[in-house]
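The structure appears below as structure tokens.
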Amino acid sequence: MSYLYLTPNDKYDWWGVIRFVIPFVKQDPSKWFCSELIAAGLKHINKLPSTTKVHKLSPGALYVMLQSI
């Protein structure tokens, strides 16, 4: 949980959602979408591999990964 407290002023990443359809949209490191923030927190506590690219992880892909934890 402490990881999530490090991002209190970050905004929702609307373009991040669109990035799944239009992949050339640039990532904004100060913005998050839901599954990206959850995945980053899980990666921070070593529940996801350190090589996981959370900004490219869709909600469905995160769900599949969580099934194996």
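Quick notes on this one:
- In the set (1) exposed (fewer than 11 other Cβ atoms within 10 Å of the Cβ); (2) modelled with pLDDT under 85, the condition left unmet by K56 is number (1).
- Whichever residue in the range 1-24 is outside any loop (DSSP other than H, G, I, E, B) and at pLDDT 75 or above and, among such residues, is least open to solvent (accessible area, probe 1.4 Å): G16
- For the range 33-53, filtering for residues that are in a loop (DSSP other than H, G, I, E, B), of a type in the set (S, T, Y) and surrounded by 10 or more Cβ atoms within 10 Å (Cβ to Cβ) leaves 1.
- Residue list for the range 35-60, filter: under 24 Å from F24 (Cβ atoms) and aliphatic (A, V, I, L, M): L37, A39, A40, V54, L57
- Meets criteria (of a type outside the set (V, I, T), at pLDDT 80 or above and open to solvent by 70 Å² or more (accessible area, probe 1.4 Å)) for S30: no
- Sub-7 Å Cβ pairs linking a first residue in the range 14-41 that is at negative phi to a second residue that is open to solvent by 90 Å² or more (accessible area, probe 1.4 Å) and part of a helix (DSSP H, G or I), at least 6 apart or interchain, are V25/W15; D28/W15, ordered by first then second residue.
- Taking residues in the range 49-69 that are within 10 Å of A39 (Cα to Cα), and partners anywhere that are in a helix (DSSP H, G or I) and open to solvent by 60 Å² or more (accessible area, probe 1.4 Å), the pairs with Cβ atoms closer than 7 Å and at least 6 places apart or on different chains are T52/K43; V54/K43; P59/C34; L62/I38.
The values are calculated or read from the model by the stated rules, or taken from the named source; none is laboratory data. In this text the structure is predicted, and so the values were computed from the model without any measurement. Cβ: placed from backbone, ideal geometry, glycine included. Neighbour counts: every protein chain shown. Protein only, heavy atoms only, side chains kept; ligands, DNA and RNA dropped before computing areas. Shrake-Rupley method; radii C 1.70, N 1.55, O 1.52, S 1.80 Å.
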